[in-house]
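Just below is one structure, and these are the notes that go with it.
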Amino acid sequence: MLQEKVWKLKYSILFILTFLILVGCEGQVEESVESEIIETNLVQKRSILEDIERFKDVKFGLGEKFFTEGIDFLSTMNYDRATYSFNKSIFYNPLSPEAKYFLAKSYLNSGRIRNAIQILEEISSGELSSFVLPKISSIYSRLSYSFGDVVPKKYFSLTNIPSIIGNKKLFSLPSSIRTSKTFGVLINSFGDDRFVSIDDQFKLYSFNTGRRIIDMIYDEEQETFWILTFSEVYQYKPGWFNLNLFDINIHSNFKYNGVNFRKFVEMGEFLYILDSLSRKVVVVRKDNGIINLSFPNDPLVSPTDIEVDNGTILVSDNTKIKFFDKYGNFKREFDVDRVIRGFCTYDDSLIIATDDGIYIITTNGREKVKISEKTFDDVVFGYDKKIYAINTERGELEVFGNIYLHTHNLDIDVKGIFVENFPTIGIVVGVRDMNQNVLNNLRNENFEVLESGIRILLPEVEQTYGFLKRKSIYIIIEKSKAVYEYLDNIKPFLREIFNKLSAYDHINLSIVGDTIVEMGKTNTMVLYPIDFLEKNFKTFEDSYRILDGIDRSITEMLYSLRNNAVLVITSGDLETDKSYRDIQTLIDYAYYNFIPVYVVSINRNTYLETLANTSGGKYYDKSILLSPDIFLRDYQKNRVFRYLIVFKSLYETLYPDQKIVDVEVRVKYNGIFGKDTIKYVFPKTKKPEP
């Protein structure tokens with residue numbers, strides 16, 4: 001019995017132990033399965049993270065690749081290709097200050113001054129500040145720098161330009177046009193999922209968003225785009241190849257029902273969206289997308305566009321412009337007697353696109369100037385002072401120049417700031433009227449100067465070339481067969497010019513063939529240029545880059561305030577020119593910086609003739625080579641087109657350290673006004689020791 005109980009006890013213990021072992025094993029199996037699942041998930045997540053890291057590495061590698069390419073192109077003075085490569089490098093690696101610095105140098109060397117300054121200011125407080133600030137100072141203190149345009153009329157059209165990616169037409173159905181300081185002019189096609197930006201040199205950049213776009217705004221402060229669709233608002237951050245994988249570019253996304261959005265603007269914490277279904281303006285918070293209010297109480301008749309100006313909301317409604325405060329309270333309206341398709345604000349005026357043309361109209365609706373006969377759907381005023389207009393039916397973008405002359409203002413060109421014996425500061429100013437005639441005999445009371453918004457009292461104005469007595473001429477000779485045949489006439493022509501110029505004047509000489517051979521600056525009394533010409537022009541070349549040579553001569557001259565001029569001796573054949581230069585850009589450079597270009601052309605060329613005449617120079621045929629005195633008479637003609645404004649800065653205590661200062665010059669002449677702005681780096685001042 002006892003043995004049976006012992007056996008039963010042993011059996012029970014054995015059974016319990018077996019049960020516990022089995023339960024333990026089952027627990028281990030469950031734990032093992034769970035561990036395997038967790039480990040699998042971790043492996044998958046780790047794989048995704050590794051893919052993302054590899055993706056980043058690819059981007060970084062592409063950034064470095066394009067950066068290296070850019071350095072190579074910059075070293076060979078191929079500035080356009082260098083600009084492209086550095087832009088691509090920044091696209092893939094936007095945190096690289098080095099790429100931005102060399103991009104700015106490329107812009108500067110190619111004459112795209114606004115772009116260079118914008119990039120340099122972006123990185124002026126970073127790790128390269130010791131290199132950047134002197135560069136900005138160099139530009140602002142000695143550089144001719146203007147925002148003006150050439151002629152008071154439309155000077156070209158961009159029609160159905162192929163996109164950068166593929167052959168799709170860019171403006172097949174353009175629906176909205178906007179402007180931003182960072183990206184220039186922004187255009188999207190109706191219902192497309194991409195938009196393009198066009199900079200002031202009309203280079204195109206494409207952005208893919210993954211959403212159908214009706215309108216877009218760039219938020220400079222948050223560095224993101226606000227994108228509007230028919231029923232949705234979202235925030236889009238450019239980058240990541242613009243592939244928009246997994247909505248990586250989307251920061252905020254607000255969707256609404258029962259709406260049909262058309263246009264919108266931003267102001268403060270809110271978006272003001274024009275809804276064509278309710279015919280009202282919907283006010284949406286940026287942070288959470290909640291609708292705060294809508295206005296007006298009574299629906300609009302046929303709203304087409306909306307803008308914001310100094311805290312006031314402007315809405316185009318059929319033929320009227322209606323004004324509301326930020327809370328939707330109606331303030332006033334005026335009728336333009338035209339169906340308004342789109343409009344934008346400019347100072348105290350509006351630029352409106354209507355069924356029968358584009359008008360500039362004052363905000364009281366009284367004064368109206370028509371600048372185009374065509375029908376346009378939307379219009380915008382760019383930061384480069386040009387008017388950009390789009391037409392959906394024609395798929396066309398047109399650009400109109402010189403907004404100041406359109407609105408009956410003077411064309412003012414501030415041509416540089418220099419500091420001599422601090423705090424005496426000088427500004428060189430040119431003034432033209434509506435017909436592009438240079439204005440003479442302006443007095444002190446015609447000028448007003450503001451420094452960082454503070455009026456500088458009684459600047460002293462001198463209409464003079466007294467401080468510009470020494471002249472400098474840059475001579476470009478094309479190494480072509482046509483020019484080679486006249487070389488025996490060119491050498492005595494140049495020798496006579498050198499002999500009759502002042503011994504203190506300077507010359508540069510470039511021989512332009514497939515490459516550009518340049519002689520450094522020297523005094524005119526030294527006849528070395530003739531030896532240089534004979535040495536480097538023993539043969540001729542089939543390919544030459546005359547436009548590159550002209551571009552170099554103009555941009556090289558930007559660093560001097562002397563009365564520079566360019567003399568070009570060419571065959572007139574631009575078809576064999578392998579440069580990337582655009583003749584309109586060269587015209588702009590020369591005009592903006594008061595550099596007259598004299599062209600001696602063996603064969604007639606209307607583009608070079610326009611360049612000469614627009615810049616204040618002259619166009620000659622080959623017969624001038626036998627009459628150097630005629631050229632000298634034209635060259636030495638005393639054309640006074642600059643005013644020297646001298647003032648003493650009153651605000652030394654405001655700027656104890658090196659600082660970029662805004663200067664605005666205002667000119668009044670017979671009741672007509674004009675203004676232009678420039679910046680300079682206020683120099684560091686040494687405080688007197690106590």
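Restricting to the range 375-396, give me the number of residues that are modelled with pLDDT of 75 or more and under 22 Å from the mean Cα position of the chain (by Cα).
11
Tally time: how many residues in the range 345-386 are part of a loop (DSSP other than H, G, I, E, B) and among the basic types (Lys, Arg)?
Total meeting the criteria: 4.
Residue 35 - would you say it is modelled with pLDDT under 75 and surrounded by fewer than 17 Cβ atoms within 10 Å (Cβ to Cβ)?
Judged against the criteria, residue 35 is a match.
Name the one entry in 239, 191 that is farther than 23 Å from residue 377 by Cα and modelled with pLDDT under 85.
The unique qualifying residue is 239.
Of all residues in the range 587-623, count the ones that are touching a residue at least 60 places away in the same chain (Cβ under 8 Å), open to solvent by 40 Å² or more (accessible area, probe 1.4 Å) and not in a helix (DSSP H, G or I).
Result for the range 587-623: 1.
Between a residue in the range 94-117 that is modelled with pLDDT under 75 and any residue that is among the hydroxyl-bearing types (Ser, Thr, Tyr) and surrounded by fewer than 23 Cβ atoms within 10 Å (Cβ to Cβ), which pairs come within a Cβ distance under 6 Å, given they are 6 or more apart or on different chains?
Short answer, once both residue conditions are applied: 111/555.
Filtering the range 443-454 down to residues that are at pLDDT 80 or above and within 33 Å of the chain's Cα centre (by Cα), which residue is most open to solvent (accessible area, probe 1.4 Å)?
The selected residue is 448.
Looking only at the range 500-510, decide whether some residue is open to solvent by 10 Å² or more (accessible area, probe 1.4 Å), part of a strand (DSSP E or B), without any contact (Cβ under 8 Å) to a residue 24 or more places away in the chain and of a type in the set (Gly, Ala, Ser).
No.
Looking only at residues that are acidic (Asp, Glu) and open to solvent by 10 Å² or more (accessible area, probe 1.4 Å) in the range 548-579, which one is modelled with the lowest pLDDT? I'd like the intermediate steps shown before the answer.
Step one: list which residues in the range 548-579 are acidic (Asp, Glu), which gives 548, 551, 556, 573, 575, 577.
Add one more test, that the residue is open to solvent by 10 Å² or more (accessible area, probe 1.4 Å), and what stays is 548, 556, 573, 575, 577.
Working: 548: 87, 556: 66, 573: 90, 575: 81, 577: 84.
Among residues in the range 548-579 that are acidic (Asp, Glu) and open to solvent by 10 Å² or more (accessible area, probe 1.4 Å), the one modelled with the lowest pLDDT is 556.
Out of the residues in the range 257-271 meeting the condition of being within 15 Å of residue 212 (Cβ to Cβ) and in a loop (DSSP other than H, G, I, E, B), tell me which one is farthest from the chain's Cα centre (by Cα).
Within the range 257-271, the match that is farthest from the chain's Cα centre (by Cα) is 259.
Filter the range 286-339 for residues that are outside any loop (DSSP other than H, G, I, E, B) and of a type in the set (Val, Ile, Thr); which is most open to solvent (accessible area, probe 1.4 Å)?
That would be 291.
For the range 273-285, how many residues are open to solvent by 30 Å² or more (accessible area, probe 1.4 Å) and of a type in the set (A, V, I, L, M)?
Final tally of qualifying residues: 1.
Looking only at the range 490-531, count every residue that is under 15 Å from residue 632 (Cα atoms) and among the β-branched types (Val, Ile, Thr) and tell me the total.
Number of matching residues: 4.
The values are calculated or read from the model by the stated rules, or taken from the named source; none is laboratory data. Remember, it's a predicted structure, so these values are computed and weren't measured experimentally. Glycine gets a Cβ as well: all are built from the backbone with ideal geometry, and neighbour counts include every protein chain shown. Ligands, DNA and RNA are excluded from the accessible area calculation, which covers all protein heavy atoms including side chains. Shrake-Rupley method; radii C 1.70, N 1.55, O 1.52, S 1.80 Å.
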